[in-house]
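In what follows, a structure is listed as structure tokens, so that the remarks can point back to it.
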Amino acid sequence: MTDLNTIAGWMLGTVLVLVVAGIFVGLWAWITGKSFNMSEWAMKGKVTLGLCVIAAMLLGSLVPGITWASKEEWTMALLPDGAGKRDIRVDTEAPASKCQNRVGIKAEDHRKATDPGDAFADPPVYMPTDEEAHEMYSVIKSIGARDWDADEVKTKTLTWGARTGDIPSADDWKKNWYDYKEKHEPKYSAISWQPDGLKGPCDNTNHHAAPGAKIEVVFYETYTKATGDKGKPNYTKAEYGYRWFSIPVPSDS
């Protein structure tokens, strides 16, 4: 509408210039014809004056008409309801950032051993309860980590020192799980993950792990140690420790 009003103003200014010039030329021709008895010039002057007056009337009335018609209240009234002027308000919220801290669940006696010998009690101490292990299993299953491959594994004593048991394998988490389970009778002792802040709160009730982060699982496990004379080992002595797995969260999870 503003542009149309500007054009109308230019037209009005142009009309005024042309009309003034036309009137001047017509009047000069008419006076000259009368003065020198030149009827042809006088007639052309009269025609020019008449045309300029008519043009001034037509264009002069057109310009105010454009200005009047281009008023917002008139033009908006002619539009369909859906095309009328609307106040558009866009409310945006800051995107939920990925949770920065890891959360987890662990057994009450996880990593409380101070003397490796304490683990040889009957029954052994520092073992997760069946209820604790089942809770952690349910969470890991809910996250979906049982279907993903581990990329790191370590074995530790109950006091978290280096251990000389069997050589751990990342495949024990998924590919060789049943063999590992039969041999070591693992029980979940601690789990941790980084929640996906776009899908839930940043606490351990959010079972959506952040893509690209890693889930950590620690099993309480048993293993046998060779004893007896050299060349005649006895594998009946059980020892206890932890097996730690790192499981990357796929980017499309």
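The values are calculated or read from the model by the stated rules, or taken from the named source; none is laboratory data. Note that this is a predicted model, so its numbers are computed, not measured. Cβ sites come from the backbone with ideal geometry, for glycine too, and all protein chains shown count toward neighbours. SASA here: full protein model, heavy atoms, side chains in, ligands and nucleic acids out. Shrake-Rupley method; radii C 1.70, N 1.55, O 1.52, S 1.80 Å.
Couple of notes before you dig in:
Okay, residues lined up against (1) open to solvent by 50 Å² or more (accessible area, probe 1.4 Å); (2) in contact with a Ser or Thr (Cβ under 9 Å, 6 or more places away or on another chain); (3) at pLDDT 90 or above:
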site: 214; (1), (2), (3): yes, yes, yes
site: 218; (1), (2), (3): no, yes, yes
site: 224; (1), (2), (3): yes, yes, no
site: 229; (1), (2), (3): yes, no, no
site: 233; (1), (2), (3): yes, yes, no
site: 238; (1), (2), (3): no, yes, no
site: 247; (1), (2), (3): no, no, yes
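- The set of residues from the stretch 111-132 being under 41 Å from the mean Cα position of the chain (by Cα) and either more than 15 Å from residue 242 (Cα to Cα) or surrounded by fewer than 19 Cβ atoms within 10 Å (Cβ to Cβ) (or both) comprises 111, 129, 130, 131, 132.
- Those residues of the stretch 189-214 which are part of a loop (DSSP other than H, G, I, E, B) and of a type in the set (A, V, I, L, M), in sequence order: 198, 210, 213
- In the stretch 180-200, the residues that are out of contact with any helix residue (DSSP H, G or I) (no Cβ under 8 Å at 6 or more places or on another chain) and either in contact (Cβ under 8 Å) with a residue 12 or more places away in the chain or acidic (Asp, Glu) (or both): 182, 183, 184, 185, 192, 194, 195, 196, 197, 198
- Among the residues making up the stretch 167-206, those that are more than 34 Å from the chain's Cα centre (by Cα), open to solvent by 60 Å² or more (accessible area, probe 1.4 Å) and farther than 14 Å from residue 154 by Cα are 175, 178, 179, 181, 182, 183, 185.
- Of residues in the stretch 133-166 being among the small types (Gly, Ala, Ser) and over 23 Å from residue 252 (Cβ atoms), the one most open to solvent (accessible area, probe 1.4 Å): 162
- Every test in (1) surrounded by 15 or more Cβ atoms within 10 Å (Cβ to Cβ); (2) modelled with pLDDT under 70; (3) on the phi > 0 side of the Ramachandran plot is passed by residue 67 save one, and that test is (3).
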